[in-house]
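Q: What follows is a single structure, and I will ask about it in a moment.
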Amino acid sequence: MFFFSLMQFTASKQPENCLLGPESDSQRTLYPYVTGTSVVALKYKDGILMAADMGGSYGSTLRYKSVERMKPIGKHSLLGASGEISDFQEILKYLDELILYDNMWDDGNSLGPKEVHNYLTRVMYNRRNKFNPLWNSLVLGGVKKGEKYLGTVSMIGVNFEDNHVATGFGNHLARPILRQEWHENLSFEDGVKLLEKCMRVLLYRDRSAINKLQIAKITEEGMTISPPYSLKTYWEFAAFENPTQGAVGSW
Amino acid sequence: MFRNQYDTDVTTWSPAGRLFQVEYAMEAVKQGSAAIGLRSKTHVVLGCVNKANSELSSHQKKIFKVDDHIGVAIAGLTADGRVLSRYMRNECINYNFTYESPLPVGRLVVQLADRAQVCTQRSWKRPYGVGLLVAGLDESGAHLYYNCPSGNYFEYQAFAIGSRSQAAKTYLERRFENLADSSRDDLVKDALMAIRETLQGETLKSSICTVAVVGVGEPFHILDQETVQQMINAFEIVGEQEGPAAEPDDASGQEAAAEQGGSTDEGVAPMDI
């Protein structure tokens, strides 16, 4: 009897586009496919500097090498993303619409970096609550009315502001450097040097990093993004000449 | 205003191209007790006359805080005003939650006006019977708007609505050119003077008026009675006693005040704007 009644329940067939039952899982984000690695950003004298490489990895393959992972948002903000590239593109569409409606008011008010950051936090957190996250870690920086703003949001909706932020491996490799060497009112040149130092470490140690990066700058005047370039690397360290010297059997 | 054959429905035009129901709604605003607003570059002051029905009752609340940076004074059907204030508060709080930033006044005013317009174009609705003076601060400075039942809105340097508001408007017309650079206290003084104008001889006391201020570094708040009385005394704004006291106007526009007939002017232009 018990077995028979069970059969009754599983016998009902639901249409393919129904969001109840097992078929609904194919609609949710389960894992990322094409991903970008770290984004690093810091506040400097005139605004925000942000760096990200141009790699899009397909699992362990470094498949795409010209992915722009930093984009301007409106007049005052700059968004950098790591994680699933298609979700980043989706976010850009949302923000495009947001900025469009903001501009349509044409009333002297505009959404600044703080507002965009909070909007993104709401979006990311909401998606996380529906168990369908946008698989990104975002960095949002900008300047409005002389006020510099730099914040980050993760795929689960954790958000905060700081003088320097990073995503992914950048948190482990770049932030410690920034904690030591960042200070208020960095000049543009010093800021770039500091970012390059962080990016170089990431290039050596993060397997998904590629040696083709861009640095973006946003100030009261606007946003500029450098053309792609490479960092100089050094592979002749003595300790790497004979890597297994101190550990026989290792490779 | 005459009984017209085109005034039964808000969705019926008259041959002259008028919507009488909307115009009648604006009449309701004119019957309510006065509310005035004025602004400088950095502050906005709202004031209103509070008349209680009898000595036994408390007076109607006509000034509402909508957010730290926005407040509204109403004239007309206060119940409608209360409902619209609730809507405005909701919009402000939602915007703040999403953007961590105050909703710009100009945008709130447009949203309010759009809601009012809807009620002028649905046969199963009626226009709101309340005029709102919206005072607020945003990125582009201090603002004062007037939202009327027709769904129109206008920005003002200074304005007055409600019964006997013309007297206040006359006073404000004389003063408005200097308002932009007024200090906060001078602005409040001008508000009290304007309120006094609408009282037509009655003594100005803090018990019959309410004043609220919003400004740079000063969140919207209603000044307490003591402060107002002190200011009245300080500026010596006391009306002269002129024979019999002016006839108290019909409360602050209660819903049941259908017995307004008889007090309306024949020659008043329907659309005030």
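Only the coordinates and a few stated rules stand behind these numbers; no lab work does. In this text, all values refer to a predicted model and were calculated from it rather than measured experimentally. FYI the Cβ positions are ideal-geometry reconstructions off the backbone, even for glycines, and counts take in every protein chain you see.
Q: Could you work out the mean count of beta carbons from other protein chains within 10 Å of each residue's beta carbon in B:103-109? Can you show the working numbers first?
A: Values: counts 1, 5, 2, 4, 4, 0, 0.
Counting Cβ atoms of other protein chains within 10 Å of each residue's Cβ and averaging gives 2.
Q: A further question on this structure: If you fit an axis through the alpha-carbon atoms of helix A:85-105 and take the longest principal axis of the Cα set of chain A, what angle between them do you get, 0 to 90°, nearest 10?
A: Value to nearest ten degrees: 80.
Q: If you don't mind, another one. Measuring from label point to label point, each 7 Å out along Cα→Cβ, what is the A:Asp106 to B:Asn152 span in nm?
A: With each label placed 7 Å out from Cα toward Cβ, I get 2.1 nm.
Q: Considering the dipole of chain B built from charges on the beta carbon (Lys and Arg +1, Asp and Glu -1) around the Cα centre, which of B:Gln225, B:Leu84, B:Ile208 is farthest to its positive end?
A: Farthest towards the positive end: B:Leu84.
Q: May I pose another question? Hey, rough spin-label estimate for A:Arg28 and B:Asp9, points 7 angstrom out along Cα→Cβ, what's it come to in nanometres?
A: Label-label distance for A:Arg28 and B:Asp9, simple model: 5.1 nm.
Q: A follow-up question, please. Under a Cβ-Cβ cut-off of 12 Å, what is the net charge of the residues other than B:Gly141 that fall near it, where Lys and Arg count +1 and Asp and Glu count -1?
A: Details: positive: B:Arg39, B:Lys41; negative: A:Asp107, B:Asp138, B:Glu139, B:Glu155.
Charge balance in the 12 Å sphere: -2.
Q: For a quick check, take a GNM of chain B with Cα springs below 10 Å and name the residue from B:Lys125, B:Lys61, B:Lys30 with the largest mean-square fluctuation.
A: Per the Cα network of chain B with a 10 Å cutoff, B:Lys125 tops the list.
Q: Can I ask one more? With a sphere of radius 14 Å drawn around the Cβ of A:Asn103, what net charge do the other residues whose Cβ falls strictly inside it have (Lys, Arg +1; Asp, Glu -1)? Display every interim value, and only then the final one.
A: Numbers: positive: A:Lys75, B:Arg107; negative: A:Asp96, A:Glu97, A:Asp102, A:Asp106, A:Asp107, A:Glu115.
Net charge around A:Asn103: -4.
Q: What does the C-alpha gyration tensor say about the overall shape of chain A? Classify as rounded when a/c is under 1.5, otherwise prolate if a/b is larger than b/c, or oblate.
A: Details: a/c = 2.58, a/b = 1.26, b/c = 2.06.
Oblate shape, in that a/c is at least 1.5 and b/c is the bigger or equal ratio.
Q: A further question follows. Based on the alpha-carbon gyration tensor of the range B:1-97 and its eigenvalue square roots a ≥ b ≥ c, which shape applies: rounded if a/c is under 1.5, prolate if not and a/b is larger than b/c, or oblate?
A: Values: a/c = 2.11, a/b = 1.50, b/c = 1.40.
Here the range B:1-97 falls in the prolate category.
Q: In the range B:65-171, what chymotrypsin sites (Phe, Trp or Tyr not before Pro) fall in a loop by DSSP, with at most 10 other Cβ atoms inside 10 Å?
A: Values: sites: B:Tyr87, B:Tyr95, B:Phe97, B:Tyr99, B:Trp124, B:Tyr128, B:Tyr145, B:Tyr146, B:Tyr153, B:Phe154, B:Tyr156, B:Phe159, B:Tyr171; in loops: B:Trp124, B:Tyr128, B:Tyr156.
Those that pass, being in a loop and sparsely packed, are B:Trp124.
Q: Assuming a ≥ b ≥ c are the square roots of the Cα gyration tensor eigenvalues, decide whether chain B counts as rounded (a/c under 1.5), prolate (otherwise, with a/b larger than b/c) or oblate.
A: Oblate, because a/c is 1.5 or more while a/b does not exceed b/c.
Q: Would you mind computing, in nm to one decimal, how far apart the modelled labels at B:Glu218 and A:Glu97 are, each placed 7 Å from Cα along Cα→Cβ?
A: Each label point is offset 7 Å from its Cα along the Cβ direction, giving 4.2 nm.
Q: Under 29 Å Cα to Cα from A:Lys45, which lysines show up? Leave out anything in the same chain fewer than 8 places away.
A: Reachable lysines: A:Lys71, A:Lys75, A:Lys114, A:Lys144, A:Lys145, A:Lys148, A:Lys193, A:Lys197, A:Lys212, A:Lys217, A:Lys232.
Q: Counting partner chain Cβ atoms within 10 Å of every residue's Cβ in B:14-22, what's the average? Each step should come with its number before you reach the end.
A: Details: counts 0, 0, 0, 0, 0, 0, 0, 0, 0.
Mean partner-chain Cβ count within 10 Å for B:14-22: 0.
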